[in-house]
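Chemist: Next up is a structure, given as structure tokens.
Values quoted throughout were computed directly from the atomic coordinates according to the rules given, and no laboratory measurement underlies them. In this text the structure is predicted, and so the values were computed from the model without any measurement. With ideal geometry, Cβ positions are generated from the backbone for all residues, glycine too; neighbour counts draw on all protein chains shown.
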Amino acid sequence: MDLLIALAVAVAIGIPLWAVIDAARRSEGSFRQIGSDKTRWIVVLVVLSVFLNPVGIVVSVLYLTTTRQRLQRAGTTPPLDVNSPLLGPRPGDGSAILASDEERDRVTRELQHHFETGRLTMDELTSRLDAALRARTVGELSSVTQDLPRA
């Protein structure tokens with residue numbers, strides 16, 4: 001019984017603390033890059049964790065599982081240049097040229113852009129990201145975005 005109480009206290013304190021520390025360590029630029037605000041996240045995490053702990057835990061988990069991943073990607077990849085064309089041929093060319101990691105990365109960023117603008121649902125985004133990451137050729141990669149306008 002004491003072990004369960006200790007575990008509950010560790011979760012109630014540890015998860016929000018981890019989220020606050022993680023948010024504080026990230027650059028303001030990374031938050032701006034994903035269209036978010038660092039100060040707002042930190043204030044929300046602290047206030048909810050202190051005054052409404054169960055809600056604070058849920059929001060902390062949400063931050064750690066979604067926003068944190070977006071921030072990590074923002075810190076390692078440049079922002080999407082919506083005027084930059086997809087490398088290689090567009091759909092319908094039947095290309096058997098092997099796709100590079102850079103091309104797959106560009107397509108995943110293009111898909112994220114289309115999701116953020118409302119052209120794709122979460123299920124469509126997930127399915128297309130999976131197909132893009134598994135694509136071996138430029139033709140397979142191009143087919144993932146063939147029905148979307150060029151970002």
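Chemist: Scan around ILE97 for amide H atoms under 5 Å from its own, H built in the peptide plane at 1.01 Å from N, and keep only partners 5 or more places away or cross-chain.
Modeler: VAL138, GLY139
Chemist: Dipole of the chain (Lys/Arg Cβ +1, Asp/Glu Cβ -1, origin at the Cα centre): which of LEU133, LEU62, VAL47 lies farthest to the positive side?
Modeler: Towards the positive end, the residue furthest out is VAL47.
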